[in-house]
Amino acid sequence: MNFKTLNINQLEFDKKNPHLPTTVGPKEPEIIKYLAKTGIEDLMISIGENGFFPGEAIVATPAKNNKYTVLEGNRRLAALRLLQNPDSAGNRRSITKASEGAKNKPTEIPAYIVNSRDDALQYLGFRHISGVQRWDPLAKARYLKLLFEQTSGEPEKRCIEVAREIGSRRDAVRRNLDALAAYEAIEERDFFDIKDLDEENFQFGTFYTAIANAEIASFVGVREKDGRATYPIANPKSLKKEHLAELTEWMFKKESQGSTRLVESRNIPKLNEVIENSNALEKLRQGVSLDSAYSATIDNKKVFLQDIVNATEHLKQANSNLHSVSSDDRDVVERVREAMKALNIATNHLKVDSQ
């Protein structure tokens with residue numbers, strides 16, 4: 001990297017910034033308006049009060065016409081632009097106030113210049129995946145895709161190469177790419193027309209967690225039934241679009257009571273078990289609640305046997321303390337009678353002879 005001071009008029013936003021939603025257009029006014037809605041006022045106030053901190057130099061690469069594309073620091077560039085021209089935010093009073101109160105409105109800032117985007121990828125990965133300023137889950141997955149696209153060979157080998165590049169685990173890289181491939185298929189189909197569902201309120205972290213479960217992964221096609229990876233990031237046809245639509249609805253479509261069928265992320269293991277059980281899955285498809293569908297996965301015989309084992313162990317433990325009670329203890333006698341009644345129901349049903 002080479003250090004250089006640049007005029008902010010020489011800088012342009014990175015249209016491939018993993019942190020930008022795909023719905024944000026490529027032109028600067030659209031990018032600024034989006035970034036203005038991300039709580040940028042605090043950054044504007046900080047720069048306006050203290051100036052631009054040299055230790056936070058942006059990372060940029062040469063573009064056409066003596067311009068530079070900002071690979072790291074797009075929010076800082078937006079803050080600088082808004083300090084100069086708060087109206088570009090689209091009539092946001094808080095932005096205007098931050099600009100009006102600024103003692104400093106820098107026009108020249110420090111920048112590290114790299115020859116190409118590829119040269120900056122490792123630095124960005126360390127900073128935003130392994131480092132302290134981590135991207136949100138969707139931005140992280142998009143960045144991993146950029147790295148993946150710089151590799152060649154079999155998908156597994158490429159995942160290993162990406163993992164080594166950023167100091168991560170191969171399986172974590174693959175799961176991120178699996179979730180991203182599935183998400184991109186959902187986005188391509190306009191989120192299956194689910195009301196109010198778009199990139200900004202799609203909970204990618206929760207979706208990633210769901211995709212990591214074996215049965216859900218197999219259900220949507222990111223893994224085979226035997227557990228083998230399908231690598232949909234390289235083989236998108238492996239995805240089962242109709243199942244992906246169902247999963248998206250169960251996880252994100254709000255029903256009349258205001259909650260989704262999943263209700264909350266901690267129910268993902270339940271959903272995984274429901275999908276594994278054909279009877280339970282059919283009930284879920286018929287519209288019952290996740291809890292009702294999950295009840296169909298329960299092996300009642302297994303539950304009964306475990307309860308009997310537990311009760312027997314408790315009775316043995318109780319008998320070891322018989323020396324501390326007598327027939328004069330009315331409460332104790334009543335409790336034993338209740339236990340006998342409960343046991344008699346089972347013995348009569350099963351026609352068990354006492355021996």
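The values are calculated or read from the model by the stated rules, or taken from the named source; none is laboratory data. In this text the structure is predicted, and so the values were computed from the model without any measurement. Methodologically, a virtual Cβ is constructed for each residue, glycine included, from the backbone with ideal geometry; neighbour enumeration extends over all protein chains shown.
Can you find, within segment 6-59, the residue that is farthest from Arg81 (Cα to Cα) among those that are part of a strand (DSSP E or B) and modelled with pLDDT of 90 or more? Give the derivation first.
Going through segment 6-59, the residues part of a strand (DSSP E or B) turn out to be 6-7, 11-12, 58-59.
With the extra rule that they be modelled with pLDDT of 90 or more, the set shrinks to 6-7, 11-12.
Working: Leu6: 14, Asn7: 11, Leu11: 10, Glu12: 11 Å.
So, considering only residues that are part of a strand (DSSP E or B) and modelled with pLDDT of 90 or more, the one farthest from Arg81 (Cα to Cα) is Leu6.
Within segment 74-92, does at least one residue satisfy the condition of being surrounded by fewer than 18 Cβ atoms within 10 Å (Cβ to Cβ) and in contact (Cβ under 8 Å) with a residue 60 or more places away in the chain?
Scanning segment 74-92, I find at least one residue that is surrounded by fewer than 18 Cβ atoms within 10 Å (Cβ to Cβ) and in contact (Cβ under 8 Å) with a residue 60 or more places away in the chain, so the answer is yes.
With the requirement that a residue be in contact (Cβ under 8 Å) with a residue 40 or more places away in the chain and assigned to a helix (DSSP H, G or I), what does segment 240-255 give you? Quick ask: steps written out before the conclusion?
Looking only at segment 240-255, we keep the residues that are in contact (Cβ under 8 Å) with a residue 40 or more places away in the chain, and these are 241, 244-245, 248-254.
Across segment 240-255, the qualifying residues are Lys241, Leu244, Ala245, Thr248, Glu249, Trp250, Met251, Phe252.
With the structure loaded, tell me whether Lys237 is over 20 Å from the mean Cα position of the chain (by Cα), surrounded by fewer than 21 Cβ atoms within 10 Å (Cβ to Cβ) and either among the polar types (S, T, N, Q) or not in a strand (DSSP E or B) (or both) or whether it fails that test. First the steps, then the outcome.
On the way: over 20 Å from the mean Cα position of the chain (by Cα): yes; surrounded by fewer than 21 Cβ atoms within 10 Å (Cβ to Cβ): yes; either among the polar types (S, T, N, Q) or not in a strand (DSSP E or B) (or both): yes.
Criteria met by Lys237.
Let me confirm something: among Gln317, Gln355, which residue is modelled with pLDDT of 90 or more and at negative phi?
Values: Gln355 fails: modelled with pLDDT of 90 or more.
Exactly one of Gln317, Gln355 is modelled with pLDDT of 90 or more and at negative phi, namely Gln317.
Enumerate the pairs (first residue in segment 97-109 and modelled with pLDDT of 90 or more; second residue anywhere and hydroxyl-bearing (Ser, Thr, Tyr) and not in a strand (DSSP E or B)) with beta-carbon separation below 8 Å, excluding pairs fewer than 6 apart on the same chain, so at least 6 apart or on different chains.
Close Cβ pairs satisfying both conditions: Lys105/Ser99.
Quick check on segment 16-36: of everything there that is loosely packed, with under 15 Cβ neighbours inside 10 Å, within 27 Å of the chain's Cα centre (by Cα) and in contact (Cβ under 8 Å) with a residue 40 or more places away in the chain, which residue is nearest to Glu72 (Cα to Cα)?
Lys16
Given the conditions (1) in a helix (DSSP H, G or I); (2) under 25 Å from the mean Cα position of the chain (by Cα); (3) not basic (Lys, Arg), which single one is not true for Gly258?
(1)
Just for segment 93-119: of the residues that are basic (Lys, Arg) and in a loop (DSSP other than H, G, I, E, B), which one is surrounded by the fewest Cβ atoms within 10 Å (Cβ to Cβ)? Write out each step before concluding.
Here is the first cut: in segment 93-119, the ones basic (Lys, Arg) are 93, 97, 103, 105, 117.
Now drop any that are not in a loop (DSSP other than H, G, I, E, B), which leaves 103, 105.
Working: Lys103: 9, Lys105: 16.
Looking at residues that are basic (Lys, Arg) and in a loop (DSSP other than H, G, I, E, B), I get Lys103.
In segment 271-319, what residues are over 28 Å from Asn213 (Cα atoms) and β-branched (Val, Ile, Thr)?
Ile308, Val309, Thr312
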